[in-house]
Amino acid sequence: MFLGYLLLSIASFLLLLDIYMLSKPSSSIRSFWNRLAAFVASVLCVLAAFFLYLNSFLSNDFSLRDVYAYSSADLPVMYKLYASWAGAGGSLLLWSAMLGTIYLVYRTWQRRSAELDQSRSYMYLSIFLIFMLAATILADPFARLGFDVGGGLGLNPLLQSPWMAIHPPVIFLGYALPFVPLALSLTNLSRRKENHEGSVRFFMQLSWLVFTLGIALGGVWAYEVLGWGGYWAWDPVETASLLPWLMITAYFHTAPMAGQDKSLIKEFSILAATLLVIFATLITRSGALASVHAFEASVSGTASPFILLLLYLAGYFIYLRGRVNRPIFRIPRVQSKDSISLMVAYVSLLYITAVCLLGVSLPALRSIQLGTTYSLGKEFYNTWLLPPTILFVIALIFCNAPKRLNIKACTVVTIIVVFGGVLLAIVRLPTPNQLADFGLPFLLVALVFTFYSLVYTLVNLGKVRRFSSVGRGLIHISLVLILLGVFLSSSMETSDQRSLRVGDTFSGMGVTLKVTNANLSGPFGSIYTQNGTLPEHSLLELDVAASSGGSDYSGRLWTGLYSVYGLASKPLIFREGLNDIYVTIGFTDSLYQALLLQLATNEQPQLSEFTIQLKVIPYVNLIWLGVALFTLGIMVSIIADIRRHRRES
């Protein structure tokens, strides 16, 4: 579509014009509005291109490649809306629109600031957006098909979920936000000043909040979609998305290393978080790794602008670091209990980031070398991440220990906990997993200390009025709850499967399960290929009743066979306090043949037995409780900082 490319090209030209005008010092009101007009026009062009692309889905313009690949005529309107970011071109267009909108809001918000003070950061943001638009154009979102069709292939059934409308936009918002504090940080370095500290912290907090929500929503979505490995599977794409979150978290532990010695640890952390955003994008869209997220083909041309941007940012930071002649990292002279805990937390987060980066990069390099997809298993992460995770939990213990416990006393407590962990690992209690058994004493002590610290803060809030301490307390206790949920749910999960007929009962693990009804139906829908029209899918639905602990549950399982996407299914989850009862349909040859016959001939095949898989996942809801408290903690911290800034100004 020529108009779409024209809009993106005009936006790029206007951004170049904006950079040129920003490079010319001028304090006149007219010059300021000329600059702003060019920039606003560029953002409007980006938004117009995005809505033009979106309208192609809503109007069933199947002559566009992406509309044909991800939509169909009978797809509901809401599904068509979020099908627009199912492919590489659409997701990059969404990202560009979000970055442009954030930039627009920030620039108009700061319009009263001195132009000389802000122009450099505006230039950096315009450069970032130009790179983004270049990648979007190379992704070719407005490409047309070379043949005529009457419809599309439909949207992958795993993406036909309300989470698809929320999770990807939130993740891409998280990808866009770190570019603002990076621009401000580079401006401070280039001018050898320390301005905008409040804005940098605000946008880092906002990035932290959005990334947390995005990753958590992705975990919930994966947990509710069979075959995605539960709430976390160390899938390359989800692991790559975790990397920026880790560095943003590390940023908030830099205080003792960025204080009186004036190191560049904060600036480095902001840069690393942004570079890891770019890296995550390359991993997501490269196609080099086996991933359940890889629904579209590789678009290798989009990698070039991101690689150039990555090299530009890394090289420019090295250049600025040489100019200011300040170290990136320096151990502070005065070492208190708090400073030690912050340093240990930062180092452990760097360690975790390095392991995850290695776990994603090595398979990518090997996949490129061998020409086939390759990935490391969960064992790699579970083994190598335990030491830095324990180190991080020890930092939480030191940070939240009662004030009367000095460094020596906290060290003694840690040594006792180590011996307790070793003993539990030897006797394999309370779980069959020795690694989890070793880590649980650390988490329990950390839970006690973080709970004590939070209660102490709340009790003395009227005297101190430090609401930021409440936010920090909520964040700390939520991290312990999340880790407890992960350790316990992954180590104590039990499972079984049986072949059942309608009316049969399955009892095990404290759960009684019964299949009350079965319905095999289809075919449904139509998809259009070069070779003609095909039915979209056939469907098996099972009504299930369950009882556990005196409570009764009921629900419907389904699995379908799709002409384009193959087998897809959705689990049935019954929540029982902190535990979940997780029921799925097992894939068998007889099930596949029955669904295939139903899809191809519309005949009713004979399928009397169904394989039912049952899992009991204990303490998994500690994770969701922890995520909720973590989100609340970040929000409290943001509000506290805003209130403090208003009082100071």
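Identify all residues within region 191-230 that are of a type in the set (D, E, K, R) and out of contact with any Asp or Glu (no Cβ under 8 Å at 6 or more places or on another chain); write none if there are none. I'd like the intermediate steps shown before the answer.
First, the residues of region 191-230 that are of a type in the set (D, E, K, R): 191-194, 197, 201, 224.
Across region 191-230, the qualifying residues are ARG191, ARG192, LYS193, GLU194, GLU197, GLU224.
Which pairs do you get when a residue that is on the phi < 0 side of the Ramachandran plot, found in region 48-68, comes within reach of a residue that is open to solvent by 40 Å² or more (accessible area, probe 1.4 Å) and part of a strand (DSSP E or B), reach meaning Cβ atoms under 9 angstrom, with the pair 6+ apart or on two chains?
Every condition considered, the pairs that remain are PHE62/TYR528; SER63/ARG144; LEU64/ARG144; ARG65/ARG144; TYR68/TYR528.
All but one of (1) of a type in the set (Phe, Trp, Tyr); (2) part of a helix (DSSP H, G or I); (3) modelled with pLDDT of 90 or more hold for TYR20, so report the exception by its number.
Failing condition for TYR20: (3).
Answer yes or no as to whether ILE482 is surrounded by fewer than 21 Cβ atoms within 10 Å (Cβ to Cβ), within 21 Å of ILE623 (Cα to Cα) and at pLDDT 95 or above. Full working, then the answer.
Details: surrounded by fewer than 21 Cβ atoms within 10 Å (Cβ to Cβ): yes; within 21 Å of ILE623 (Cα to Cα): yes; at pLDDT 95 or above: yes.
Yes.
To keep it simple, each residue is scored yes or no on (1) open to solvent by less than 50 Å² (accessible area, probe 1.4 Å); (2) closer than 30 Å to ALA395 by Cβ; (3) without any contact (Cβ under 8 Å) to a residue 60 or more places away in the chain.
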{"site": "PRO305", "(1), (2), (3)": "yes, no, no"}
{"site": "ILE328", "(1), (2), (3)": "no, yes, no"}
{"site": "ASP338", "(1), (2), (3)": "no, yes, no"}
{"site": "VAL344", "(1), (2), (3)": "yes, yes, yes"}
{"site": "VAL347", "(1), (2), (3)": "no, yes, yes"}
{"site": "ILE352", "(1), (2), (3)": "yes, yes, no"}
{"site": "CYS356", "(1), (2), (3)": "yes, yes, no"}
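Give the residue, chosen from ARG404, ARG428, that is at pLDDT below 90 and open to solvent by 50 Å² or more (accessible area, probe 1.4 Å).
Details: ARG428 fails: at pLDDT below 90.
Result of the check over ARG404, ARG428: ARG404.
Anything in region 514-543 that is closer than 14 Å to TYR68 by Cα, open to solvent by 20 Å² or more (accessible area, probe 1.4 Å), β-branched (Val, Ile, Thr) and modelled with pLDDT of 85 or more? List them, or say none.
THR533
Mind counting the residues in region 207-220 that are touching a residue at least 60 places away in the same chain (Cβ under 8 Å) and either polar (S, T, N, Q) or buried (at least 20 other Cβ atoms within 10 Å of the Cβ) (or both)?
We begin by selecting, within region 207-220, every residue touching a residue at least 60 places away in the same chain (Cβ under 8 Å); these are 207-209, 212-213, 216, 219-220.
In the following step, the residues that additionally are either polar (S, T, N, Q) or buried (at least 20 other Cβ atoms within 10 Å of the Cβ) (or both) were identified as 207-209, 212-213, 216, 219.
Matching residues across region 207-220 total 7.
So which residues in region 133-166 are open to solvent by less than 30 Å² (accessible area, probe 1.4 Å) and within 25 Å of the chain's Cα centre (by Cα)?
LEU133, ALA135, THR136, ALA139, PRO141, LEU155, ASN156, PRO157, LEU159, SER161, MET164
In the set TYR53, TYR79, which member is touching a Gly at 6+ places or on another chain (Cβ under 9 Å) and among the aromatic types (Phe, Trp, Tyr)?
Working: TYR79 fails: touching a Gly at 6+ places or on another chain (Cβ under 9 Å).
Of the residues listed, the single one that is touching a Gly at 6+ places or on another chain (Cβ under 9 Å) and among the aromatic types (Phe, Trp, Tyr) is TYR53.
If we scan region 501-511, do we find a residue that is surrounded by fewer than 18 Cβ atoms within 10 Å (Cβ to Cβ), charged (D, E, K, R) and touching a residue at least 60 places away in the same chain (Cβ under 8 Å)? Steps first, please.
The initial filter retains those residues of region 501-511 that are surrounded by fewer than 18 Cβ atoms within 10 Å (Cβ to Cβ), namely 501-505, 507-510.
From the residues that got through so far, the ones that are charged (D, E, K, R) too are 501, 504.
Now drop any that are not touching a residue at least 60 places away in the same chain (Cβ under 8 Å), which leaves 501.
Scanning region 501-511 turns up at least one residue that is surrounded by fewer than 18 Cβ atoms within 10 Å (Cβ to Cβ), charged (D, E, K, R) and touching a residue at least 60 places away in the same chain (Cβ under 8 Å).
Identify, please: which residue in region 431-477 is closer than 22 Å to LEU391 by Cα and not in a helix (DSSP H, G or I) and is, among those, most open to solvent (accessible area, probe 1.4 Å)?
Checked region 431-477; the qualifying residue most open to solvent (accessible area, probe 1.4 Å) is ASN433.
The values are calculated or read from the model by the stated rules, or taken from the named source; none is laboratory data. All values derive from a computational prediction rather than experimental measurement. Positions of Cβ are generated from backbone atoms using ideal geometry, with glycine treated the same way; all protein chains shown enter the neighbour counts. Side chains included, ligands, DNA and RNA excluded: accessible areas come from the protein's heavy atoms. Shrake-Rupley method; radii C 1.70, N 1.55, O 1.52, S 1.80 Å.
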